[in-house]
Amino acid sequence: MNFEERYSEDALKQNGIKPFDGVLKVIWRSPSNIALVKYWGKRNFQIPENPSVSFTLRNSFTETEIEYHCKKEKGVSFEFYFEGSENRGFGERVGKYLSVLSRFFPFLDNLHLKIMSKNSFPHSSGIASSASAMSALALCICSIEKQMFGTLQDENEFLQKASFMARLGSGSAARSVWPGFVVWGKTKTLTGSSDEVAIPLPVKTDNVFYGLKDAILITSPEKKKISSSAGHRLMEKHPFAEARYKQANENIELLVGALQKGDKNMFVEVVENEALTLHSLMMSSNPGFTLMNEKTWKIIDEIRNYRETTGRFIAFTLDAGPNVHLLYLEKDKDEILKFIEQKLIVFCDNGRWIDDGINL
Ligand code: DP6
């Protein structure tokens with residue numbers, strides 16, 4: 001039985017709740033994550049065309065609180081507040097998401113939800129928030145199931161279901177429910193990997209990567225010009241699609257090997273190749289689009305120069321936007337902070353960057 005069948009079966013057992021008085025509450029904090037091997041291209045309903053590996057961040061998170069009560073009329077009903085005020089734009093996406101979830105959580109039809117969400121990072125920083133937002137929401141809905149039915153007591157089972165549900169809201173969100181390194185998407189390299197849920201990387205990684213830090217250099221506060229969903233769709237007719245999916249599988253193998261062996265050079269090679277491949281795919285799709293800006297390029301050049309002259313471990317990666325994620329090791333923090341101050345901060349919007357790192 002696959003996860004979808006399993007959760008559909010759960011839903012049959014949870015048809016109808018015992019009415020209760022008053023208001024109950026759940027709350028979750030869920031971090032964002034940064035992919036090292038990228039998810040770009042999907043099919044059917046939120047099934048990735050290739051496996052991806054990420055690490056979960058510590059400081060960039062969404063906190064979501066849901067107050068809920070019983071109601072008589074049937075149907076999904078909610079209000080959505082972002083950072084204290086009602087937000088129609090986000091609310092629309094949340095509404096669509098809840099309708100999708102109601103298939104797996106029929107009790108949602110009997111509840112009214114007051115959803116209050118806020119981010120630890122500035123909204124205008126342009127950093128991707130769908131992973132943290134959707135995973136926080138999925139975790140909350142699983143907690144409601146747990147409160148209503150006493151199910152999902154086992155932590156692993158709970159997080160697995162939350163990952164499945166988060167995926168339906170945003171693919172990358174499936175990875176955010178787990179700490180550390182995470183894989184989503186089936187690959188022969190990793191036992192237990194699945195297209196339906198993300199899992200913690202099932203191999204022992206070398207200690208050196210436990211100190212991974214991520215300085216998120218904000219080059220532009222603007223909202224994305226094109227949504228990730230639209231970008232994924234352009235992969236359907238992309239002339240390089242097949243080669244890309246093959247490359248991603250190979251890169252997973254190389255990256256996992258590097259993580260196991262503590263091979264920093266291989267890590268840099270794969271991670272930077274993935275970042276530039278992602279943006280090359282965007283530029284070469286039809287219509288093509290560019291998310292990087294001139295500051296993104298300047299920062300990349302500086303990072304390459306710094307690595308060449310110091311020999312220090314440092315790497316860049318990008319998500320679907322112009323901001324640069326500078327990866328380095330905690331033990332080099334003082335040196336890297338100097339480098340950021342001296343060479344990179346001039347390219348950051350109002351000198352802004354976010355000090356983040358792996359959440360183990
Ligand atoms: C470039 O997860 O935002 O960040 O499933 O349509 O919500 P949807 O897409 P999304 O895509 C993320 C793409 C990426 C790479 C990655 O995180 O793996």
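Considering only residues of the range 194-213 that are within 17 Å of the chain's Cα centre (by Cα) and of a type outside the set (A, V, I, L, M), which is farthest from S176 (Cα to Cα)?
K213
So, K213, is that one within 16 Å of the ligand (Cβ to nearest atom) and either in contact with a Leu (Cβ under 7 Å, 6 or more places away or on another chain) or not aliphatic (A, V, I, L, M) (or both) or not? Steps first, answer last, please.
Details: within 16 Å of the ligand (Cβ to nearest atom): no; either in contact with a Leu (Cβ under 7 Å, 6 or more places away or on another chain) or not aliphatic (A, V, I, L, M) (or both): yes.
It is false that K213 is within 16 Å of the ligand (Cβ to nearest atom) and either in contact with a Leu (Cβ under 7 Å, 6 or more places away or on another chain) or not aliphatic (A, V, I, L, M) (or both).
Looking only at the range 289-345, filter to residues that are of a type in the set (S, T, N, Q) and in a helix (DSSP H, G or I); which one of those is most open to solvent (accessible area, probe 1.4 Å)?
Taking the range 289-345 first, the residues of a type in the set (S, T, N, Q) are 290, 293, 296, 305, 309-310, 317, 323, 342.
Subset that is in a helix (DSSP H, G or I): 296, 305, 309-310, 342.
Numbers: T296: 0, N305: 85, T309: 118, T310: 61, Q342: 134 Å².
The extreme case among them is Q342.
Please tell me if E269 is open to solvent by 40 Å² or more (accessible area, probe 1.4 Å), outside any loop (DSSP other than H, G, I, E, B), modelled with pLDDT of 95 or more and out of contact with any Gly (no Cβ under 8 Å at 6 or more places or on another chain). I'd like the intermediate steps shown before the answer.
Numbers: open to solvent by 40 Å² or more (accessible area, probe 1.4 Å): yes; outside any loop (DSSP other than H, G, I, E, B): yes; modelled with pLDDT of 95 or more: yes; out of contact with any Gly (no Cβ under 8 Å at 6 or more places or on another chain): yes.
So E269 fits the description; yes.
Taking into account only those residues within the range 128-168 that are surrounded by fewer than 24 Cβ atoms within 10 Å (Cβ to Cβ) and within 13 Å of the ligand (Cβ to nearest atom), which is nearest to P51 (Cα to Cα)?
L168
For the list (1) away from the ligand (no atom under 16 Å from the Cβ); (2) of a type in the set (V, I, T); (3) under 24 Å from L291 (Cβ atoms), I need the number of the one condition that T189 fails.
(3)
Considering only the range 4-15, state which residues are surrounded by 13 or more Cβ atoms within 10 Å (Cβ to Cβ) and charged (D, E, K, R). Can you show your working first?
Residues of the range 4-15 that are surrounded by 13 or more Cβ atoms within 10 Å (Cβ to Cβ), as a first pass: 4, 6-8, 10-11, 14.
Those that are surrounded by 13 or more Cβ atoms within 10 Å (Cβ to Cβ) and charged (D, E, K, R): E4, R6, D10.
Name the residues in the range 16-63 that are open to solvent by 10 Å² or more (accessible area, probe 1.4 Å), farther than 20 Å from L137 by Cα and more than 9 Å from the ligand (Cβ to nearest atom), would you?
G16, I17, K18, P19, F20, D21, G22, R43, N44, E49 - these are the residues of the range 16-63 that are open to solvent by 10 Å² or more (accessible area, probe 1.4 Å), farther than 20 Å from L137 by Cα and more than 9 Å from the ligand (Cβ to nearest atom).
One residue is enough: does the range 67-80 have a residue meeting the conditions surrounded by 16 or more Cβ atoms within 10 Å (Cβ to Cβ) and within 16 Å of the ligand (Cβ to nearest atom)?
So far as the range 67-80 goes, no, none of its residues is surrounded by 16 or more Cβ atoms within 10 Å (Cβ to Cβ) and within 16 Å of the ligand (Cβ to nearest atom).
The values are calculated or read from the model by the stated rules, or taken from the named source; none is laboratory data. Fair warning: this is a prediction, and the values are worked out from it, not measured in the lab. Using ideal geometry, Cβ is built from the backbone for each residue, glycine included, and neighbour counts are taken over all protein chains shown. Accessible surface areas use protein heavy atoms only, side chains included; no ligands, DNA or RNA. Shrake-Rupley method; radii C 1.70, N 1.55, O 1.52, S 1.80 Å.
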